[in-house]
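Here the structure comes first, spelled out in structure tokens, and everything after it is commentary.
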Amino acid sequence: MRQASLGRALFLIASALFALVLLVQVLHASGAIAAGFSDWRPVLYAYLVWGIALGIRQVLLRGERGLRALFLLPAVLFTVAVVIFPTVFGFYIASLDWNLSSLEGPRFYGLGNLIGLFHDTYYWNALRNMVFYTLAVSGEYAIAFGLALLLNADISGRKFFRVVFLLPMMLSPVAVSWMIGKSLLEYRFGPAATLARALGWDNPAFFASPWIARLSIEAMDAWVSIPFIMIILLAGLQAMPKEVLEAAKVDGANGWQSFWHVTFPLMLPVSITVLIIRIIFKLKLADIVINVTAGGPGGATDTVSSFIYRVYRDRSNVGYGTGLAMFYLLIIIVLLSLLLRLSHRWTQKVT
């Protein structure tokens, strides 16, 4: 009983200390008080002390179960430090009017950045573009599934083609944007433009027309990303029990029937997993757009990430840029939560 009281008292003291240090630093950083720390290092030290006190409290209160919980405590504290705290701090920055080109420094702006966001037509244009890029993942999935089925079949040179199809994944998107976007698709001397002229296209400018530019960006991103989807699907195909497909053949099912009624349903958990991962990566698309078109023409190829990058770089507006990023984060959380719930229901219904 005395040990439990000691653990509670130690934890309360450490919690009060951490809360006090954090409050003082937040008020000092916002300019509400003059007293404070020069950086956030004391907050980190107070957080470590609080984590140690939490571990001691668990051991003194729960005994053996508390000792087992200590193995999870470092991971939980690390997650809070590198995920939860930066997110909360991001919302705090989003409430500031903080322009690096201004001599006044940051000042509290409340919901001003959020109100400005709803009136920013360029931001909503980037969100509409993200709808197109996200829906294009279904096309990438279809191509990748076809390649996976091909490479899973008993064809000659199968190992060679597996290596060849994986080569784009080994390149960085920045290298692809320069190799393809700035060289291969260059409208004056690029090989693709030269071939297009020979075929009768008078002005083969791949990034001048909005829709052609958007499709060109998507093609480059798909070229890099399809091998990733393909290799995951190929692993799922190779893990499928062969007896099920053989039983379908015995029952008289042709190739399409075997795929639609046997292969596709069995591959559904793998497919949903790789689609969710690919959508997450697609929602972060920026590097190819920044290097090739910088969002042009007229914002036709802009993504949310590339637009936020330009807000930071060109406007030096940290508060507004962070507000855009936090709002986008909330949209992603809601979207992925809905996708996970719908995919779970669909998987249960199909399987």
Residues of the range 96-145 being in a helix (DSSP H, G or I) and open to solvent by 50 Å² or more (accessible area, probe 1.4 Å), which ones?
L114, I115, F118, T121, Y122, W124, R128, V131, L135, S138, A142, I143
How many residues, within the range 255-272, are surrounded by fewer than 19 Cβ atoms within 10 Å (Cβ to Cβ) and within 13 Å of V137 (Cα to Cα)?
1
Given the structure, is Y92 in contact (Cβ under 8 Å) with a residue 40 or more places away in the chain, under 30 Å from L329 (Cα atoms), open to solvent by less than 70 Å² (accessible area, probe 1.4 Å) and not in a loop (DSSP other than H, G, I, E, B)?
yes
Taking the condition of being over 16 Å from L127 (Cβ atoms) and free of Cβ contacts under 8 Å to residues at least 40 places away in the same chain, how many residues in the range 291-327 meet it?
4
Count of residues meeting criterion [open to solvent by 30 Å² or more (accessible area, probe 1.4 Å), in a helix (DSSP H, G or I) and under 25 Å from L285 (Cα atoms)] in the range 192-209:
0
Which of the residues that make up the range 146-191 are farther than 25 Å from T273 by Cα, assigned to a helix (DSSP H, G or I) and open to solvent by less than 40 Å² (accessible area, probe 1.4 Å)?
V176, S177, I180, G181
Determine the pairs where a residue that is without any contact (Cβ under 8 Å) to a residue 24 or more places away in the chain, located within the range 16-27, has a partner that is open to solvent by less than 60 Å² (accessible area, probe 1.4 Å) and among the aliphatic types (A, V, I, L, M) with Cβ atoms under 6 Å apart, the partner being 6 or more residues away or on another chain.
Q25/V43
Restricting the search to the range 38-47, which residues are closer than 17 Å to G105 by Cβ and open to solvent by 70 Å² or more (accessible area, probe 1.4 Å)?
S38, W40
Here are some conditions: (1) part of a helix (DSSP H, G or I); (2) out of contact with any Gly (no Cβ under 6 Å at 6 or more places or on another chain); (3) closer than 19 Å to G116 by Cβ. G299 meets all but one. Which one does it not meet?
(1)
Of the residues in the range 210-254, those that are exposed (fewer than 12 other Cβ atoms within 10 Å of the Cβ) and not in a helix (DSSP H, G or I) number 4
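The values are calculated or read from the model by the stated rules, or taken from the named source; none is laboratory data. Just so we're clear, the structure is a prediction, and the values are computed from it rather than from any experiment. Cβ sites come from the backbone with ideal geometry, for glycine too, and all protein chains shown count toward neighbours. Accessible surface is based on the protein model in full, side chains and every heavy atom, while ligands, DNA and RNA are left aside. Shrake-Rupley method; radii C 1.70, N 1.55, O 1.52, S 1.80 Å.
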